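See structure below.
The values are calculated or read from the model by the stated rules, or taken from the named source; none is laboratory data. Here the structure is a predicted model, which means the values were calculated and not measured. Glycine gets a Cβ as well: all are built from the backbone with ideal geometry, and neighbour counts include every protein chain shown.
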């Protein structure tokens, strides 16, 4: 059964490397690359870490673990990997030789020994093949998506502005309408009052007085 580097994981508390076959809510099913045995590991007791997610300290920016493996492979002909059983200083010197920016102060000797062991396991399983061009493809795919989101946001801003302008116009018309109706009512009321009290009553009174004198 073929495997890929992205499927390989390290499990805390267990030596060696494993192929991740399936994940469950309470753990995972893995296959040991060395003896090909399959087992279930509990999430309560173990942590599963994909190798492709591991980074290594350098004096500059951190690098992916696979970058270190590539350097080990490139220099193997002239400088074979250090023996795991050798002293820590020799192991540090080896990593500084293949990767000058390697930060020997922040990387523990135990982690260096793990990298040496993992390199031999990956090499034996023919898994020193990495898919680095995939990162470039991801960036190209992400960029148009970002532009699309920006365009949609711009469209989204214009619509509320139009709706706001229309609402303001309707409010102005409503205000004008209210302003016209109120003066009409007031004017009509004022005109009716003097006519009823001031003009009509005296006219009737004068008419009755003239008729009596005749």
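Testing residue 41 on (1) touching a residue at least 24 places away in the same chain (Cβ under 8 Å); (2) closer than 25 Å to residue 103 by Cα, one condition comes back false. Which one is that?
Condition (2) is where residue 41 drops out.
Hey, residue 2 hits all of (1) under 21 Å from residue 128 (Cα atoms); (2) modelled with pLDDT under 95; (3) touching a strand residue (DSSP E or B) at 6+ places or on another chain (Cβ under 8 Å) but one; which does it fall short on?
With (1) under 21 Å from residue 128 (Cα atoms); (2) modelled with pLDDT under 95; (3) touching a strand residue (DSSP E or B) at 6+ places or on another chain (Cβ under 8 Å) applied to residue 2, the lone miss is (3).
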